[in-house]
Amino acid sequence: MKTNSNLKKLLEKGEFIVTAEIGLPVSANTETLKKNVEKIKGKVHAVIASDGKNAGVHISNLAAAILLQQHNIEPILEISCRDRNRIAIQSEVLGAASLGINNILCTAGDHQKLGPFPQSKHCYDLDSTQEIMMLKQLRDEKKLSNGQELNESPSILIGTEDNPFSDPLELRIILLKKKIKSGADFIIARPVFDTSKFSEWIKALESNGVTENVPLIVSVLPLKSKEMAQKIKERPGYYLPDTIFNRIEKASDAQAEGIKIAKDIINKVKGLKGVKGINIIAIDNEDAVAALA
Amino acid sequence: MIIAERKPFKEIQEMLADYDKILLVGCGTCVTVCYAGGKKETAVLASQLRIARKLQGKKIETVEAIIERQCEWEFVEELKEKAEECQAILSLGCGAGVNTLAERFKDIPVLPALNTRFIGIPQEQGIWEEKCVACGNCILHLTGGICPVARCSKGLVNGPCEGSREGKCEVDPSLDCVWQIIYDRLKALGRLSDLEKIIPLRDWSKSAEGGFRKFSREDMTL
Amino acid sequence: MEGECHYLEGNFRAKSRVGRAKKLLQELGLEPDRVEMYNLSSSDGPKFAEIATEMTERIKALGPNPIKKREKEE
C-alpha cells in the first residue's frame, strides 16, 4: 500500500491547499457523515478527522479517518494529548500509517472540564511539542520514545496547530519555534475573523523566520447564525470582533452573510506570506465547503 | 504545606453513628494553619457532635487531644492512653496523619474528619492555592520557580496551549494562565531564553501516576 | 453602624465570626437565627431596646433550646 502523504506532495508542489473539518456523529450510524463526505469530495485536498472535539464523545478519530479513505478523501488524523499516553499515541500512529493514513495533527486537546464529561481524568502524559518530537523520532530515527528501534519507519507528515489570537505574542512565537524545531511539518492556524490582527501575527512569524520552511494553513469558520456567532464570541481561544458579529446580527440571511464574510477573509489571507492553504471548519455546515473551496 | 478542609458535618456524623465515646485528634502543623484541624477546630467539632447527638436524644462522649503532628510516630505515641479508652478515633489530620494513626492503633477504627486537598500555601487570608503536585521531577529552574505541572490546567511543560488569552486559562476564566505568569516573571528577570528550551518527554514514574511511592536514604537509616 | 466601629476592623471580624457560628449551628441542626449581630453605638439606648425586643420575640417564636426542652420533659 502506498503510504506517502499526498498532502506532502501537494505542499511541495506549491499548490494552494484546501482542507476541511466536518462534524463527526455521536453514534455508530455514519449515514449522515457519509452523505456529508460525498458533498465535499473533490472540493478539498484533505479532511481532518477530529479527536474528542470540545472534549466530547464522537466516533473515534481513526474510524473517521478510515471512513474518509473509503470515500477516497485523504485524512488528517488529529491526535490530541488529552486522552492518550505515549504508548497509545505511538501505537495509534503506527496503526494509522499501516492503513495508509499519513498525516498526523498534534494538538493539546480541549480540557475535559470544557465538555460534557468534566469528571473524567485526563492524560496529558505529553504536551503537543513533545508529541511532535516523539513522532519525528519515530519517523526519522525509527525509534520509539524509549529508544527501542524499529525495522521500518512509519511514513507520516507531522502537523500542529496555533492560535493567532492567543497572547502574549512573544511567548506564542517562542512556542511555535519550539514546535517547528521539534519537527512540525505544517501548521494549522485557528479560525481567523480579524484579518488585521492576523496580519500582525503573520508579520511576527515572518520576522522570526517561522514560515520560511513550514507551510501555514489558515482556518476559516463560516458563521451560520447570530446564536452561533454568540457562542464563538464566548468560546476561549476564538476571537470574533464586534464588526463581524454585527454583520451577522443584522443580516437578513445570516448563513449567506457568513459565507460572504468567510470569502472576504480567504481573499485577504490568501496573499499573505507563508499562507499555503485554508482549512474550512464546516461542522454542521458542510454546504459551506462547496461555496468556499 | 498540606491543605485540607473539614468534611461536611453530616458525613462525619454518619461515620460516628455506631460510637458513643470517641477521641478527636487535632494536629498542630498544616491543618492548624488552614483552620481545618487545629486546637480550636477540634474543640468546635467536638462541641458540635455533642450537641447534635443530644438533639437526637442520645449522647456521645468526646475526648480531645492535640499533638504536634500526626505524621510522626513519636507524637502519635502520646495518644496511647486516651486512644485505649475510646471506641473510635476521629482524626483531624491530613491523609498522612489518618494513615499513621490507623497503622499505630490497629484495634481501633480511625476515621477522617478532613478531606486532604493539595500541597499549597495560604495565598491570602482565607484563600489557599495549590503550588506543587509532588511530581518528583522538578523543573522550576526552567520556569522561573513557578510550577506549570501543578498550575497549568493541562499540566503542559512546553506551554501555553492555544486557549490562553489575556492571561486567563481557557478552562476557567477566573484562573490565571500560569504560562502568562511564567512569561512575565522570566521576562522581568531577563531570562526568556529559558523558555526556548524544549522540555523532553517527562518521567512520570515518580509522580502519583507511578503508583505507591517510597524512598530511603542509607546514610540516615539506623 | 457597620464600618464605623470605634475599633476599626473589629466589627468586620465579629461579623465573620458570627456568620461562622450561624453556619456551625445550622450544620448540627439548630436554627442559625438563634445568634445574631447588630451594629449600634453604645450610647444608643433606644436602638438597643429595639434590638433586645426583636431578639426576644425571635427566640420566643423559635422556641426553647430543643435539648433543654426534652430534658425538662423527661
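Projected onto its three principal axes, the C-alpha set of region B:1-49 covers 33, 17, 14 Å, listed from the longest axis down. Fraction of C-alpha pairs exceeding 15 angstrom in region A:150-201: 54 percent, rounded to a whole number.
Relative contact order for chain B: what is it in percent, counting Cα pairs under 8 Å that are at least 6 residues apart?
On the way: 346 pairs, mean separation 38.4, N = 222.
Reported relative contact order: 17 percent.
By the Cα gyration tensor, the protein assembly as shown has an equivalent ellipsoid whose semi-axes, rounded to whole angstrom, run 57, 31, 23 from largest to smallest. Protection proxy ranking for A:209-222, B:59-72, using the average of other Cβ atoms within 10 Å per residue and placing the highest first: A:209-222, B:59-72. Where the centre of each part is set by its Cα atoms, how far does region C:35-74 sit from region A:137-197, in angstrom? Each part reduced to its Cα centre gives a spacing of 69 Å. The Rg/Rh ratio of region A:115-234, with both radii computed over alpha carbons and Rh defined as the Kirkwood radius, is 1.05.
Size estimate for region A:159-293 follows the Kirkwood approach: the inverse of mean 1/r over distinct Cα pairs works out to 15.3 Å.
In the distance distribution for region B:133-209, Cα-Cα pairs more than 22 Å apart total 22 percent. Averaging the Cα positions of each part gives two centres, and for region B:68-133 and region B:5-26 these lie 13 Å apart. Each Lys and Arg adds +1 at its Cβ and each Asp and Glu adds -1 at its Cβ; summed about the Cα centre, the protein assembly as shown shows a dipole of about 780 debye.
Working note: Cα gyration tensor of chain B, eigenvalues times five, square-rooted, sorted largest first, giving semi-axes of 41, 21, 14 Å.
In whole percents, the pair-distance distribution calculated for region A:130-180 from its alpha-carbon pairs, binned every 10 Å from zero, is 24, 39, 23, 13, 1. Based on DSSP H segments of at least four residues, each scored -39500 (n - 2.57), the protein assembly as shown has a per-residue ellipticity at 222 nm of -12000 deg cm²/dmol.
Residue ranges A:15-26, B:189-200 sort as A:15-26, B:189-200 when ordered by packing (mean number of other C-beta atoms within 10 Å per residue, highest first).
A convex hull fitted around the alpha carbon atoms of region A:1-101 yields 108 Å³ per residue. If you take the alpha carbon atoms of region C:10-73 and fit the smallest convex hull around them, that volume is 93 Å³ per residue. For the set B:Lys39/B:Lys82; B:Lys59/C:Lys69; A:Lys9/A:Lys197, the pairs lying more than 19 angstrom apart at their alpha carbons are A:Lys9/A:Lys197. Normalised by the number of residues in chain C, the average gap of Cα pairs under 8 Å and 6 or more apart makes the relative contact order 22 percent.
Structure shown: which of A:Lys39/A:Lys179; C:Lys22/C:Lys47; A:Lys39/A:Lys231; A:Lys13/A:Lys226; A:Lys43/A:Lys121 lie over 29 Å apart, alpha-carbon to alpha-carbon? Intermediate values should be presented prior to the final figure.
On the way: A:Lys39/A:Lys179 34 Å; C:Lys22/C:Lys47 23 Å; A:Lys39/A:Lys231 26 Å; A:Lys13/A:Lys226 40 Å; A:Lys43/A:Lys121 39 Å.
The pairs that break the limit, which is 29 Å between Cα atoms, are A:Lys39/A:Lys179; A:Lys13/A:Lys226; A:Lys43/A:Lys121.
Packing-based ranking of A:260-271, C:47-58 yields A:260-271, C:47-58, ordered from highest to lowest mean Cβ neighbour count within 10 Å. A dipole drawn for region B:1-160 from +1 and -1 charges on Cβ atoms has a positive end, and of B:Gly95, B:Asn158, B:Tyr19 the residue lying farthest that way is B:Asn158.
Over every pair of different alpha-carbon atoms in region B:2-118, take the mean of 1/r and invert it; report that Kirkwood radius in Å.
Here the Kirkwood hydrodynamic radius works out to 13.7 Å.
Dipole magnitude for chain C: about 300 debye, using +1 per Lys or Arg Cβ and -1 per Asp or Glu Cβ, origin at the Cα centre.
Only one residue of A:Gly109, C:Ile51, A:Gly159 has its Cα farthest out toward the positive end of the dipole of the protein assembly as shown, where Lys and Arg carry +1 and Asp and Glu -1 on Cβ, and that residue is A:Gly159. Applying Stokes-Einstein at 25 °C and 0.890 mPa s to the Kirkwood radius of chain A, computed over alpha-carbon pairs, gives a translational diffusion coefficient of 126 µm² s⁻¹.
Region A:277-293 and region A:12-90 have Cα centres separated by 14 Å. Shown for region B:100-166 is the translational diffusion coefficient from the Stokes-Einstein equation, using the Kirkwood radius over Cα pairs, a temperature of 25 °C and a viscosity of 0.890 mPa s: 163 µm²/s.
Any read-out appearing in this document is the output of simple, stated calculations on the displayed coordinates, not a laboratory observation. Being a predicted model, the structure only gives us computed values, none of them experimental. Counting neighbours? That spans all protein chains shown, and the Cβs are built from the backbone with ideal geometry, glycine included.
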